[in-house]
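Worksheet: one structure, shown below.
No lab work stands behind these numbers, since they all come straight from the coordinates. Note that the structure is a prediction, hence the values are computed from the model and not measured. All Cβ positions, even for glycine, are placed from backbone atoms using ideal geometry, and neighbour counts span all protein chains on display.
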Amino acid sequence: MDNRQAQAQGAAWIGIIGNLLLALGKLLIGWMADSRALIADAVHSASDVVGSVAVLIGLKAAERPPDKDHPYGHGKAESVAAIIVSVLLAFVGFEIGYSSFEAFFTPLQAPQMLAVWAAVVSMVVKEAMFRYKYRLGKKLNSQSLIANAWEHRSDVYSSLAALIGIGGAIVGDRLDVPWMVYFDPAAGIFVSLLVLRMAYHILMESIHSTLDHVLHDEDARELVQAVEGVPGVIRVDEFRAREHGHYLIVDVKVSVDPHITVEAGHQIGKQVKQTLMAHFHQVRDVFVHINPCDASYPYASPVSDEQKGEQGE
C-alpha cells in the first residue's frame, strides 16, 4: 500500500469510528432528553458511517492496477463512491424532514439540558473531522474524501440547527411559552434542508467528474508547456487530459520533423510521456501520437462552432 492510499484509508477509518461513536451517543442522549432535533442529528451521523464505508471501498477499488477490462485503471471508483454518499445523504434528508414534520401534529415536551451539551460536542468534533478530511482530500486529489468531508461540515450545520432548536424549546418551557417547544422539530426540518442541499452539491460534482471531464486550457497550460519543451517537439497539435478519479490520463498529438526516422519519432514520443509522468504526479498514463510537421495542415481535430462556444464559457 502506497503512502497516498494509506493516508486516505486512515481518514476513512477515522470517519467510520468517529461517526459511529457520535451517532450512538446522540441517539442515546436524544432519546433520554426527548429531543427530536438531536435524534435527527444522530440519524445524520449514522448515515455518515455508511458514507465513510462507501468511501473506503471506493478508495480501495480506485488503487487497483489496470486490467484487461479497465485499461485506464479504476480511478473513477472514487467518483462512484461520492455518488453513493450523495444518494445516502438525500435519503437521510427526506427522512429527517418527514419525521420532524410529523412532530408538529403531536404533543411535545421541551428537551432536557443534556441535549444542548451533546449538540455542542458534536459540532466541535465534526468541524475537526471536516478540516482534517478536506485538507487531506485536497492534498491527495481525492474526490470521495472531499465529499465525505462535506458530509462532516453538513453535520456541523445540522448540530447547530439542533442546538438552536433545543435551546429555543428549553427557553420557551422556562418562560412558559408553549409554542416555542416546536423550535425542536422546526430545527429538524431545517437540518433536512441542509442535508438535501449538500447531497445535491456532491451529486452534481461527482457526475461531472464521472463523465470524462477534461482539464480546461488554463488548468492544462503547465502540462502543455512541459510537452513543448521536449527536444524534437515542434508543435503540440492537440492535448487532452482526462480526469480519472484522483489521477489524469493524457492524450497528446505532437508534430515533429517529417524527415526524421520512425525510430527517432518514437523516441520523441517516449520522452514526452516520461516528461509528463516524471514532473506531474497526478498523471498516471500518457498516449502520444506523432504527426509529421506540416504548416499548411494543423493536425488538431476540428472543433465545431458549438464546441467553441462551450469552451469559451
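List of remarks:
- Amide H within-cut-off set for H244, under 5 Å, with H built and near neighbours excluded: I249
- Close amide-amide hydrogen proximity is noted between V283 and L248, each under 5 Å apart and 5 or more residues distant or on a separate chain (H modeled in the peptide plane; Pro and chain starts excluded).
- Count Lys and Arg as plus one, Asp and Glu as minus one, and take only other residues whose Cβ is under 12 Å from that of M123; the net charge is then 0.
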